[in-house]
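Student: Here it is, the structure, as structure tokens.
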Amino acid sequence: MNVVKTVDEVRNQVAQWKQQGLRVGLVPTMGYLHEGHQSLMKCAKKENDKVVVSIFVNPMQFGPSEDLADYPRDLEHDMEKCEEVGVDLIFHPEPSEMYEDDFCSFVDMSGLTEGLCGKTRPVHFRGVCTVVNKLFHIVTPDNAYFGQKDGQQLAVIRRMVRDLNMNVNVVGCPIIREEDGLAKSSRNTYLSKEERKAALVLSKAIQLGSELSKTEKNAKKVVAQMKELIQKEPLAKIDYVEAVDAFSMEPVETLDGECMLAMAVYIGNTRLIDNVLV
Ligand code: AMP
């Protein structure tokens, strides 16, 4: 497995593979890899001849008061996680390799990016879409893998690829959870022992919503019960709990068609997200 830091090195490697007629899969990540990321890599491994993992804590998708400086980083650990599943190439650029000082081109989307996480994180999706667009141009993958864990991000990227005719197949992969139900996340490392226990309230509320939605189609009622459960946990503070259309991310009143129950909840200072498709 090769670890490279420059765009040119990635391009040279991918060009060689493409000359040999090989299919290339890309898994974009911010590192501090866990089994959730590895499930994307395994999926990519099955469907491609070569797998590229990008590890880049993208400054552009963090707001000024967010955790960019504190975001956990450990390249040695990440290399091991990638080796374990047979990744072929890690692209680990410095911010200066991705963004020139006078960088001024962005992918801005409306609608889909304004609700849910977009409300509290107004610059987030502009950063995500811009960096993913750049990674698609650098790696030119046949397939790119994203987790349903970031359900809004997946919907946004699918739309960007469709709207801008990007020549890449976007594959969504299921949420990987800890044994007790908590969705795996690099940010779980911020949680104290007590907070880790409290964080279970997210997956419990997701489970409750999923169960209720089998018989209750009134979205407001389902969301209200999910909120009620979360509010019983003293360490939890709700950012949002919403029922939205799975494609447009618009709020729904009735749970018919494909919908997503989605939430962001602060446990102490740590903002965690979870969702389920119903
Ligand atoms: P991140 O490093 O947090 O930006 O995540 C990189 C990719 O891994 C994104 O597509 C995430 O949705 C995905 N991912 C993160 N956690 C999980 C998880 N628990 N299950 C499935 N995919 C995940």
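Student: Since residue 65 meets every condition but one in (1) of a type outside the set (Phe, Trp, Tyr); (2) within 15 Å of the ligand (Cβ to nearest atom); (3) modelled with pLDDT under 95, which condition does it not meet?
Tutor: Single failed check for residue 65: (2).
Student: Which residues, counting only those in the stretch 118-144, are in contact (Cβ under 8 Å) with a residue 60 or more places away in the chain, in a helix (DSSP H, G or I) and charged (D, E, K, R)?
Tutor: Correct list: 119, 126.
Student: For the stretch 74-107, how many residues are assigned to a loop (DSSP other than H, G, I, E, B), over 21 Å from the mean Cα position of the chain (by Cα) and under 16 Å from residue 2 (Cβ atoms)?
Tutor: Adding up the residues that qualify gives 2.
Student: When residues of the stretch 42-66 are filtered for being part of a helix (DSSP H, G or I) and in contact with a helix residue (DSSP H, G or I) (Cβ under 9 Å, 6 or more places away or on another chain), how many remain?
Tutor: Going residue by residue through the stretch 42-66, those that are part of a helix (DSSP H, G or I) are 42-47, 59-61.
Filter once more, keeping what is in contact with a helix residue (DSSP H, G or I) (Cβ under 9 Å, 6 or more places away or on another chain): 59-61.
Matching residues across the stretch 42-66 total 3.
Student: Answer yes or no: is there a residue in the stretch 172-187 that is of a type in the set (D, E, K, R), touching a residue at least 60 places away in the same chain (Cβ under 8 Å) and within 30 Å of residue 25 (Cβ to Cβ).
Tutor: Within the stretch 172-187, one or more residues are of a type in the set (D, E, K, R), touching a residue at least 60 places away in the same chain (Cβ under 8 Å) and within 30 Å of residue 25 (Cβ to Cβ).
Student: Given the conditions (1) touching a residue at least 24 places away in the same chain (Cβ under 8 Å); (2) over 14 Å from the mean Cα position of the chain (by Cα), which single one is not true for residue 61?
Tutor: (2)
Student: I would also like to ask the following. Out of all the residues in the stretch 108-115, is one or more outside any loop (DSSP other than H, G, I, E, B) and surrounded by 11 or more Cβ atoms within 10 Å (Cβ to Cβ)? Before you say what the answer is, go through the steps one by one.
Tutor: So the first thing to find is which residues in the stretch 108-115 are outside any loop (DSSP other than H, G, I, E, B), and the list is none.
The answer is no, given that none of the residues of the stretch 108-115 is outside any loop (DSSP other than H, G, I, E, B) and surrounded by 11 or more Cβ atoms within 10 Å (Cβ to Cβ).
Student: Shifting gears a bit: Within the stretch 168-189, work out how many residues are part of a loop (DSSP other than H, G, I, E, B) and either more than 8 Å from the ligand (Cβ to nearest atom) or of a type outside the set (Gly, Ala, Ser) (or both).
Tutor: Residues flagged as part of a loop (DSSP other than H, G, I, E, B) and either more than 8 Å from the ligand (Cβ to nearest atom) or of a type outside the set (Gly, Ala, Ser) (or both) within the stretch 168-189 amount to 10.
The values are calculated or read from the model by the stated rules, or taken from the named source; none is laboratory data. Nothing here was measured: the structure is a model prediction, and the numbers come from that model. For neighbour counting, all protein chains shown are included, and Cβ atoms are generated from backbone atoms with ideal geometry for every residue, glycine included.
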